[in-house]
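Just so you know, all these numbers are worked out from the coordinates, no wet-lab data involved. Note that the structure is predicted; figures quoted are calculated from it, not measured. Cβ placement follows ideal geometry from the backbone for every residue including glycine, while neighbour counts extend to all protein chains displayed.
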Amino acid sequence: MEGPAPLAPCGAPEGGRALWLRAADGVRIRLAHWPGAAPVLILPGRTEYIEKYGLVIRDLAAAGRGALVVDWRGQGLADRALADPLKGDVADFSGFQHDLDAVLAAAADLAPGPLPWIAHSMGGCIALRALMRGLTPPGVVFSAPMLGLAQPAALTALMSALAALAHPFGLDRGYAPTTGPDFGLPSMAFETGNLTTDRDQFDRMKAQIRTDPRLSLGGPTLRWMAAAMSEMRALAALPSPTVPALFGLGGDEAIVSARAIRDRVARWPGAELVDYPGAKHELLMERPSVRDDFLLRALTLLA
């Protein structure tokens, strides 16, 4: 731990604090901690940041639980890899395991004891790799985990080919085709967006990145896409762990592959999949009927 880090008001209870951590490869990341019994570790998705989970932390506190949330490398206030901070870039997904190791080492001091995980989207991919390498939290809740992308196989093949061609010339650090600096939430309209059906949650997320543009992130680089696809292929080939698990999936999911999620659940003894018709990608930022039900099921598993 390297001292205090900034933490903006976000609807979470008072008493939370953020600190800087240094991963094994030297990258600086941010961790926030809200004290409480039976804490939960939240592993966010791509583009996300600690403050986005303020209302989730509030709900966990109402259930008597503390929370920890991380800014992964390349997003939030953590170190970013390139001069253009809006480019979502990593060379290899193994870097996220360094981040998680640093978080768990800090958590052993901040919140000793069993630490279950709630992992969203890319955080679900990171969590699954951690389980595959032998970590054994008491339970994991997966919210629309990134185990595949909701895009045609031909586009996946094209991205891989472009990344391979661009890499020798360093051009894979450019934005992936169809993306750019204003890709995703910054330019997204609620009516056509693929994140949530809850207007208040959508407006809250937009307001956060307008208030602090440092939290914003644009599209991924070709290098990020290649690393992500390589990681998802590798994970798909491995058998499931035995950790108790709950999966949530929106009926209108359009970012990650619903098929890949269903395939993983079918191969995971004892895992439960809950479908939410009409819901989109952000189950924990969805309309109250979805958000409350999913969080209740999560707390039941984690208890």
Task: Yes/no for P145 being crowded, with 24+ Cβ neighbours inside 10 Å and touching a helix residue (DSSP H, G or I) at 6+ places or on another chain (Cβ under 9 Å) - done: yes
- [ ] Please enumerate the residues belonging to region 232-273 that are without any contact (Cβ under 8 Å) to a residue 40 or more places away in the chain, closer than 18 Å to G123 by Cβ and of a type outside the set (S, T, N, Q).
- [x] A234, V265, W268, A271, L273
Open item on the list: Is it the case, given these coordinates, that S187 is surrounded by 14 or more Cβ atoms within 10 Å (Cβ to Cβ) and among the hydroxyl-bearing types (S, T, Y)?
Closed with: no
Task: Selected residue [surrounded by fewer than 19 Cβ atoms within 10 Å (Cβ to Cβ), more than 23 Å from D293 (Cα to Cα) and either touching a Cys at 6+ places or on another chain (Cβ under 9 Å) or of a type in the set (K, R) (or both)] from R259, R223, R233 - done: R233
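Tell me, which strands (runs of 3 or more DSSP E) lie completely within region 18-121 with 3 or more residues that are touching a strand residue (DSSP E or B) at 6+ places or on another chain (Cβ under 9 Å) and farther than 20 Å from L299 by Cβ? So that I can check it myself, show each step before the final result.
Details: elements: 28-34, 40-43, 67-71, 117-120.
Output list reads 28-34.
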Task: Single match in P269, P239, P277 (criterion: within 27 Å of L185 (Cβ to Cβ) and surrounded by fewer than 18 Cβ atoms within 10 Å (Cβ to Cβ)) - done: P277
Task: Those residues of region 219-233 which are within 14 Å of V256 (Cβ to Cβ) and not in a helix (DSSP H, G or I), in sequence order - done: P220
TODO: Just give me the residues in region 191-205 being part of a helix (DSSP H, G or I) and surrounded by 15 or more Cβ atoms within 10 Å (Cβ to Cβ), in sequence order.
DONE: Q201, F202, R204, M205
Open item on the list: All but one of (1) among the small types (G, A, S); (2) in contact (Cβ under 8 Å) with a residue 60 or more places away in the chain; (3) out of contact with any Gly (no Cβ under 8 Å at 6 or more places or on another chain) hold for A130; state the number of the condition that does not hold.
Closed with: (2)
Task: Scope region 63-88; condition over 16 Å from the mean Cα position of the chain (by Cα) and at positive phi; matching residues - done: G64
Open item on the list: For region 15-32, check the following and say yes or no: at least one residue is without any contact (Cβ under 8 Å) to a residue 24 or more places away in the chain and of a type in the set (A, V, I, L, M, F, W, C).
Closed with: yes
